[in-house]
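Asker: Shown below is the structure under consideration.
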Amino acid sequence: MIVVPYDHIKFKSEYSQFTLEDHLEYASQSKMFVLIDKTVEHIHDENDFAQLYSNLKKYDLLDRCVVMDNTHNETMFKKHNVPHIYFPGYVFFYIWGQTIPKFIADPTYQFLCLNNYHKYHRLAVIYKLHEMNLLQRTSWSYRSTVHDTDEMHKILPTFDINKLPIKFPKFLDQNDTNFDQFANMESLYGNSMATIVTETDFLFNDTSFATEKSLNAIFQGTVPIFVSSPGTVNLLREQSIDVYDDMIDHSYDDEIDPAKRFEKITQTIEQVASWRIYKQIRSNLSVRTLRNQILLRDEQHWIDVADFYGNKFFNNNKISI
């Protein structure tokens, strides 16, 4: 079997002395079974998938390859007959190297909402927090200018940029240079009761995933609300992570329509906004928080998860490696 480090090369050209095209051509000429390693990413939209499909077709790999990535949704892969294995790569790449954070008993803020790049659903969250008078209870950033609002109506039909008297970008703990997403995580998350996780994607439904944004919110000890494509919460539940279903309503995770899903997320934010006595809530959740932290750093658990999906594919397709 040959492994093509697909996304490693796309995002870090120095990863290999050869180009992605060189790797794909070599795999094509080898006539061997090929593993397309996309374990540092997931499918973001139809164009993202189309580029992958085009490359596999161009190099005649569709009938003897499997794509391994973080997409926990088979829709696009089945639709185009592309073999696929789900892999929890975000845990391996972003969580395993962390140590369990110090326990902060009395958080200052109700919410944490960190935003690096401008996206419609991220701007929609800031808009609603302003509308609900919750920004003062939120530790938040928006490290980008608002350069496009063309499709905001798909998420928030009532959106009006003139009703958002905020200057962007808005920085929190770091300025506009040398940004380090791992810096100050303990203090940022530790001083917030809940995290509004504005994930990478929201409008595209044929994907589901939990990136480091979701995982960090849980690992750092906050109660998460996921502003994401459908399926993020169900994925985390499937992996035995406690998402505090007894405390907050995650029914938005099953809603396909983006505007309706965002409205349900807004209702969940209102639910959490009614909480008081942050210190007591954090203390009551401390054992459950620690369990999540131990689970996220349990190498054998995640190896077992990866083995389950890998074995399922290879056994079902009667492929031996």
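The values are calculated or read from the model by the stated rules, or taken from the named source; none is laboratory data. Please read these numbers as outputs of a predicted model, since none were measured by experiment. For neighbour counting, all protein chains shown are included, and Cβ atoms are generated from backbone atoms with ideal geometry for every residue, glycine included.
Asker: Look through segment 43-63, keep the residues that are touching a helix residue (DSSP H, G or I) at 6+ places or on another chain (Cβ under 7 Å) and aliphatic (A, V, I, L, M), and return whichever of them is surrounded by the fewest Cβ atoms within 10 Å (Cβ to Cβ).
Answerer: Leu62
Asker: Would you be able to tell me the number of residues in segment 249-272 that are surrounded by fewer than 17 Cβ atoms within 10 Å (Cβ to Cβ) and either in contact (Cβ under 8 Å) with a residue 24 or more places away in the chain or part of a loop (DSSP other than H, G, I, E, B) (or both)?
Answerer: Residues meeting the conditions: 7.
Asker: For Trp96, work out the one condition from (1) closer than 28 Å to Lys312 by Cα; (2) out of contact with any strand residue (DSSP E or B) (no Cβ under 8 Å at 6 or more places or on another chain); (3) surrounded by 14 or more Cβ atoms within 10 Å (Cβ to Cβ) it doesn't fulfil.
Answerer: Result: Trp96 fails condition (3) only.
Asker: Still on this structure, I have one more. Mind listing whichever residues of segment 1-37 are surrounded by 15 or more Cβ atoms within 10 Å (Cβ to Cβ) and under 13 Å from Phe87 (Cβ atoms)?
Answerer: Tyr6, Asp7, Leu35, Ile36, Asp37
Every residue, every condition in (1) touching a residue at least 24 places away in the same chain (Cβ under 8 Å); (2) of a type in the set (Ser, Thr, Tyr), yes or no:
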residue	(1), (2)
Leu114	yes, no
Trp140	yes, no
Lys154	yes, no
Thr158	no, yes
Phe168	yes, no
Asn184	no, no
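Asker: Out of segment 69-79, which residues are of a type in the set (S, T, N, Q) and either out of contact with any Gly (no Cβ under 7 Å at 6 or more places or on another chain) or surrounded by fewer than 21 Cβ atoms within 10 Å (Cβ to Cβ) (or both)?
Answerer: Thr71, Thr75
Asker: Separate question: Which residue out of Phe111, Phe77 is under 19 Å from Asp37 (Cβ atoms), touching a strand residue (DSSP E or B) at 6+ places or on another chain (Cβ under 7 Å) and modelled with pLDDT of 95 or more?
Answerer: Phe77
Asker: Any idea which of Val66, Val40, Val91, Val82 is surrounded by 18 or more Cβ atoms within 10 Å (Cβ to Cβ), assigned to a helix (DSSP H, G or I) and out of contact with any Cys (no Cβ under 7 Å at 6 or more places or on another chain)?
Answerer: When all the criteria are applied, what remains is Val91.
Asker: A further question follows. Restricting the first residue to segment 60-86 and requiring it to be assigned by TED's automatic domain parsing to the domain that holds Glu21 and closer than 19 Å to Asn205 by Cα, which pairs with a second residue that is surrounded by 22 or more Cβ atoms within 10 Å (Cβ to Cβ) and hydroxyl-bearing (Ser, Thr, Tyr) meet a Cβ separation below 6 Å and a spacing of at least six or different chains?
Answerer: Note: pairs meeting the criteria are Thr71/Thr207; His72/Tyr86; His72/Ser208; Asn73/Thr207; Asn73/Ser208.
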